[in-house]
Amino acid sequence: MQNGQILNFSAFMTELAECTEQVAPVEFRQSALAALQCHIEFAAGIWGSAAIGAGLAFREVVLTGLPESAIAEVEAGASADPRLLSVLGAPGTTVAYTVGADDPEIMQVQMARYGVKHIMSTAFFDAELGLASGIVLLGADTAPPFDQPAQLFMEAAFGHLLRCWSENQIRALGREIAAAAGLSSYAAASHHGVVSAAQDEFLTLFRREWPGWRGPLLPDAVRGLLLGPEGGRHMGQEIVLSVRHGHDVSLLLIRERVVADDLRPRELAVAQLCAGGASYRDIAESLGIAPATARNHIAAVHRRLGVSRNSEISALLAAAR
């Protein structure tokens, strides 16, 4: 990049950082595209995530300069465009071209309907999540084709756009993550069950419970929690996974299953009282049971947890938060 281009790119990065810190996840991608539009001239933009199969099956897509009703057409047109699909074979490389008479008819019809004919696209395939992410910019049919400076700018910006989108989602869930710091690994997912960002540690633990999972759509057991208004917890054979809803995205917290997870409700209540320093008489009074019964429960908790003193219980319960 030349000096002017460097200054232009620096200004964009400042705007993108402000979006990351200040804009809600539901608005981030459109805001980021608007910031990009100040530096690259385009009539419409598409930022989508898709599972790769027979063509592209969009899971999430954000449009700017196009009506929401165009999403189905965008998916059909993308699947018919070999150049767009080939972008996935060169992750992070920006490709620009103009739709002409030799292109599939469905593409020509779509481009004409929306008054565009120039395409510039960049994509990345995350093999860990099984998710392709891409940004397609469309130039007006009255505008010149995208030039090399625009391609270089987009190629330099693309990785930052994806990283900031992940950071924006995680930032929105920051308070929940801070509360679980050191205890769990985390991921962010849409309320429809599509993972959009995840720690490596999360993926490692997740695949211990679901070895065949490749993403991006979560297993039914987890999607059920995402669809519920209160989130919830999945107790697996190997892991414990909790779902906490944010405003626009949900936080998934995962940790290894520990011995305290196997306590029955009454045993857990006794263990919590023991950890708080309660005597067997205090526990009997608190739970409305006989002192002898309280002693039996305490002994059962000690056996289950493999401890001999109440002072050892706190750490085991903390690991099961």
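None of the figures in this text is laboratory data; all of them are computed from the coordinates on show. The structure displayed is predicted, hence computed values, not measured ones. Using ideal geometry, Cβ is built from the backbone for each residue, glycine included, and neighbour counts are taken over all protein chains shown.
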Distance in nm between label sites at Glu21 and Gln199, each 7 Å beyond Cα in the beta-carbon direction? 2.4 nm
Calculate the tail of P(r) for region 3-172: the fraction of all Cα-Cα distances greater than 20 Å, expressed in %. 50 percent
Could you tell me the relative contact order of the chain? Use alpha-carbon pairs under 8 Å, at least six residues apart, and round to a whole percent. 13 percent
Got a sec? How would Val243, Val270 order by Cβ neighbour count within 10 Å, fewest to most? Val243, Val270
Taking Tyr186, Tyr114 and counting other beta carbon atoms within 10 angstrom, the fewest-first order is Tyr114, Tyr186
About its Cα centre, how strong a charge dipole does the chain have in debye, to the nearest 20, once Lys and Arg get +1 and Asp and Glu get -1 at the Cβ? 1620 debye
Subtract the Cα-Cα distance of Met235 and Glu256 from 0.36 nm times their separation in residues, and report this length gain in nm to one decimal. 6.6 nm
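Take the Cβ-Cβ distance between Phe125 and Glu285 as r, set R0 to 45 Å, and report the resulting FRET efficiency rounded to the nearest 0.05.
Values: r = 61 Å, r/R0 = 1.35.
Computed FRET efficiency for Phe125 and Glu285 comes out at 0.15.
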In degrees, nearest ten, helix 25-37 long axis to first principal axis of the chain (Cα): 30 degrees
Any idea which of Gly288, Pro91, Gln108 is furthest toward the positive side of the dipole for the chain, if Lys and Arg beta-carbons carry +1 and Asp and Glu beta-carbons -1? Gly288
Cα-based helix-to-principal-axis angle, 291-305 vs the chain, degrees rounded to 10: 50 degrees
Using the scaling law 2.2 N^0.38 Å as the reference, what is the normalised Cα Rg of the chain? 1.31
Would you tally the net charge around Ala221, using a Cβ to Cβ cut-off of less than 14 Å, leaving Ala221 out, and scoring K and R as +1, D and E as -1? -1
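Determine, for Met13, Met120, Met107, the number of other Cβ atoms within 10 Å of each Cβ, and report the residues in order from fewest to most.
Met13, Met107, Met120
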So the angle from the long Cα axis of helix 148-172 to the longest Cα principal axis of the chain, reported in degrees to the nearest 10, equals 20 degrees
Test of understanding: in a Gaussian network model of the chain with alpha carbons linked when under 10 Å, which of Leu273, Leu16, Leu66 would top the mean-square fluctuation ranking? Leu273
Determine Rg/Rh for region 263-318; Rg is computed over alpha-carbon atoms and Rh is the Kirkwood hydrodynamic estimate from the same atoms. 0.92
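How much net charge surrounds Ile106 when only other residues with a Cβ under 13 Å from its Cβ are counted (Lys, Arg +1; Asp, Glu -1)? Write out the running numbers ahead of the final one.
On the way: positive: Arg113; negative: Glu73, Glu75, Asp81, Asp103, Glu105.
Combined, the nearby Lys, Arg, Asp and Glu give -4.
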Please give the peptides 257-265, 230-238, 214-222 ranked by average Cβ packing (other Cβ atoms within 10 Å per residue), highest first, as a rough proxy for protection. 214-222, 257-265, 230-238
